[in-house]
Amino acid sequence: MKVYLGYPLSYTSDGSFKLKDNFLSEVGVDYSSIPVEVKKKLLSLLENIDKRDYLFLGDVFYDGIDVLEFALFPVEPYSFDEVILPGYVYGKPTFLIRNLFKNSFGKKVSVFYDFNFFSRRTVVVNVGYTKTSVSLGGELLFNLPFGEFHLIDTLGNYLFNRFIGETGISNASLRKEGLRGAVLDLCRGYGARLLFGRTDRIDVPQFGYSRQVSLDEVRLAITPVVGNTRFGEFITGPSDFSSSLITALYSYEELFRERLKAERVVVIGRLRWPFVEALSQIFPVLIEEFSGEELLSLTPVNRNFKIPVRNFSAERSVPRVVSVEEPPEEATLEALRRYFNSRDLKGVGVIERLAGENLNDKHRISFIYELLSVVRRCSGRSSVEIAYLNSAISALSRLEIPDFLFGKVERELSEKAFNWNLPFETKLNILYFCHRFKEQLQSSPLSVFPPLMLSYIRERKVTEGEKNFVRTVAETFFTPSRS
């Protein structure tokens, strides 16, 4: 008999079960009565089976493997002869699980991983609670620090920040009334329901707050976790799922001296669609979605059990760049075009000079078109391009943009705003643009950006001045300017 131990559901031929529910039932504890931190530890059990004193409940310390032992009692573990595990359990936890069946249940079991059931031209992605494993052909395994929890947490925090901005209620007043934690938990709950397609609204009835949340808004709000990097693009570091995956593919090339020829991509787990959308930007193949139960009916085709493992850590710093401006010999649009085409830093000085001049309507519109061209053509592959990009965005924030051009500007900046590989200075420039033109941006994709930046800078290394600037723009973005 086979068992697949996965998140959130595990499967046997008799049906599904949840490890956390089985454990709590065995120790006689109600799920609603335990602290949030204990709930998180139960949900991330599979990623921490090898942890000592992992859980403290009812005056008892449980190792991670102890929790699993209790969780398996109700499903007749003595009858299992094959155990299938997610890729992120690879390593020491496997040894502990094998010994658990042998010593506690008197059963010798064969242990397989998700990637053992697919060919060497298959990418297998298994989404856990706080980790996601990526197997490249069953030959190289990566554990990425992005899972279901991070998507729900980021979206929920964004919804909370937007609620603060749209209602004008301060964090301080919510804390004073003892409501901040409750409202934040409510927003996280709505984040989960929105991600799983169970609702398309958020309601905070005690404050008379209610609005519809589109799927496009959800997609933008989770970009700090999912990312939108494509193969071949510039990467400052593995800061989100897609940039981590691209880094993994580069590592595969370095190790095996060839590019992975992926013919199939399989995504396993509960919250799959955000990862499917990111993967579809990287692999030009059909992406299959599994719950995990499907593995029970498959036969191992790749019996490689000794593979290199790379563990990525969550990046808390923000990408930055330092650029040096060179004084231009002439400050005209023709000079700007010439300097930019040759990627000469003197063009940055031209932008600064022209942005500070009192241009007539004709020259101002021509200048805006030129700036749009610069923004569109800057991929951020070098510090020179970043310098041009930052200067162009800053200039656009200082100019009066006519209505017929504003939509073009907004679309170009939206493309850059949700690219989290770009330096933090670029994000701050876009944030100032949002502040400058907030009335025109209320229903645009850029309306997501200010409250999302508050979520992005949590636990990241930015200065107090930068934090205060982000907070001020986010909290005032939805407030009409006084005429």
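The values are calculated or read from the model by the stated rules, or taken from the named source; none is laboratory data. Bear in mind that the values here come from a model prediction, so they are computed numbers and not experimental data. Cβ: placed from backbone, ideal geometry, glycine included. Neighbour counts: every protein chain shown. These accessible areas exclude ligands, DNA and RNA; they are computed on the full protein's heavy atoms, side chains included. Shrake-Rupley method; radii C 1.70, N 1.55, O 1.52, S 1.80 Å.
Of note:
- Among the residues listed as Leu428, Leu405, the single one being part of a helix (DSSP H, G or I), among the hydrophobic types (A, V, I, L, M, F, W, C), open to solvent by less than 10 Å² (accessible area, probe 1.4 Å) and closer than 21 Å to Ala355 by Cβ: Leu405
- Extreme residue, nearest to Val83 (Cα to Cα), among residues of the range 26-55 that are crowded, with 17+ Cβ neighbours inside 10 Å and hydroxyl-bearing (Ser, Thr, Tyr): Ser44
- The listed residues are Leu396, Leu413, Leu446, and the only one of them that is buried (at least 22 other Cβ atoms within 10 Å of the Cβ), free of Cβ contacts under 8 Å to residues at least 40 places away in the same chain and farther than 28 Å from His150 by Cβ turns out to be Leu396.
- The residues listed here are Lys2, Lys41, Lys51; of these, the one that is touching an Asp or Glu at 6+ places or on another chain (Cβ under 9 Å) and either over 24 Å from Phe290 (Cα atoms) or of a type in the set (S, T, N, Q) (or both) is Lys51.
- Residue among Arg198, Arg193, Arg211 that alone is at pLDDT 95 or above, open to solvent by 50 Å² or more (accessible area, probe 1.4 Å) and not in a helix (DSSP H, G or I): Arg198
- Residue in the range 88-95 that is at pLDDT 95 or above, within 27 Å of Ser135 (Cα to Cα), open to solvent by 80 Å² or more (accessible area, probe 1.4 Å) and basic (Lys, Arg) present: no
- Residue, surrounded by the most Cβ atoms within 10 Å (Cβ to Cβ), within the range 339-390, restricted to residues that are outside any helix (DSSP H, G or I) and among the acidic types (Asp, Glu): Asp344
- Odd one out for His150 among (1) in contact with a Leu (Cβ under 9 Å, 6 or more places away or on another chain); (2) closer than 17 Å to Leu271 by Cα: (1)
- Contact annotation: residue pairs with Cβ atoms under 7 Å, 6 or more positions apart or on different chains, pairing a residue in the range 258-269 that is over 12 Å from Glu294 (Cα atoms) and β-branched (Val, Ile, Thr) with a partner that is open to solvent by 10 Å² or more (accessible area, probe 1.4 Å) and part of a loop (DSSP other than H, G, I, E, B), are Val265/Phe283; Val265/Val285.
- Any hit, the range 259-273, residues being of a type in the set (A, V, I, L, M, F, W, C) and exposed (fewer than 13 other Cβ atoms within 10 Å of the Cβ): no
- Odd one out for Thr122 among (1) touching a Gly at 6+ places or on another chain (Cβ under 9 Å); (2) farther than 19 Å from Asn143 by Cα; (3) open to solvent by less than 50 Å² (accessible area, probe 1.4 Å): (2)
- Single residue of the range 61-86 satisfying the filter (farther than 13 Å from Lys20 by Cα and open to solvent by 60 Å² or more (accessible area, probe 1.4 Å)) that is farthest from the chain's Cα centre (by Cα): Tyr78
- Restricting the range 449-463 to residues that are farther than 18 Å from Val226 by Cα and of a type in the set (Val, Ile, Thr), the residue that is least open to solvent (accessible area, probe 1.4 Å) is Val462.
- Inspection of the range 145-154 finds no residue satisfying the criterion of being more than 30 Å from Ile49 (Cβ to Cβ) and of a type in the set (A, V, I, L, M).
- Any hit, the range 431-443, residues being outside any helix (DSSP H, G or I), over 30 Å from Ser243 (Cα atoms) and not small (Gly, Ala, Ser): yes
- For the range 10-45, a residue qualifies if it is in contact with a strand residue (DSSP E or B) (Cβ under 8 Å, 6 or more places away or on another chain), in a helix (DSSP H, G or I) and not β-branched (Val, Ile, Thr), and the qualifying residues are Leu19, Lys41, Leu42.
- Flag for Arg175 being part of a helix (DSSP H, G or I), surrounded by fewer than 19 Cβ atoms within 10 Å (Cβ to Cβ) and either modelled with pLDDT under 95 or not acidic (Asp, Glu) (or both): yes
- Tyr7 closer than 21 Å to Arg270 by Cβ, assigned to a loop (DSSP other than H, G, I, E, B), open to solvent by 10 Å² or more (accessible area, probe 1.4 Å) and not acidic (Asp, Glu): yes
- The range 102-118, residues that are within 24 Å of Ser135 (Cβ to Cβ) and either modelled with pLDDT under 95 or in contact with a strand residue (DSSP E or B) (Cβ under 7 Å, 6 or more places away or on another chain) (or both): Val109, Ser110, Val111, Phe112, Tyr113, Asp114, Phe115, Phe118
- Applying the criterion of being under 15 Å from Phe231 (Cβ atoms) and out of contact with any strand residue (DSSP E or B) (no Cβ under 8 Å at 6 or more places or on another chain) to the residues of the range 277-298, the residue that is most open to solvent (accessible area, probe 1.4 Å) is Pro284.
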